[in-house]
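Trainee: Structure below; questions to follow.
Each value in this text was obtained by applying a stated rule to the coordinates, not by laboratory testing. Predicted model only: the values in this text are computed from it and were never measured. Glycine also receives a Cβ, built like all others from the backbone with ideal geometry; neighbour counts cover every protein chain displayed.
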Amino acid sequence: MQHDGYALQFAAKALRADRDLVLAAVRQNGQSLQFAAKALKADRAVVEAATWTTLFALVHAAPGVRQAMLDEGYPKLWADGDSDDDGDGDADDDGDGDAGDAFAANP
């Protein structure tokens, strides 16, 4: 599963309920969460592991877990508009008033 998480779809029912195996699969391909046992789709840690590879994995999470994560603001992808994540509300890394040259070489 570490090399092809999507192989979970061909696994026996008992293996789809194996937490370690499913974690390995979703860490490789978050979309493989859709093939996991129902109980693991409701396991917050498994769902979070799946979303590290793709946020679309939330579609396959149990509704309660999905809603709880969304209610908590998960994932917070610079939703506050502060894409440099320094807390000042802008995208300017170096404080000179523009966001475009934060990684430019110094002249």
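Trainee: I need to check one value: relative contact order of region 5-61, counting alpha carbon pairs closer than 8 Å and at least 6 residues apart, in percent.
Mentor: Taking the mean separation of contacting Cα pairs over the length of region 5-61, I get 34 percent.
Trainee: Taking the Cβ of each residue in Val47, Val65 as the centre, tally the other Cβ atoms inside 10 Å and list the residues starting with the fewest.
Mentor: Val65, Val47
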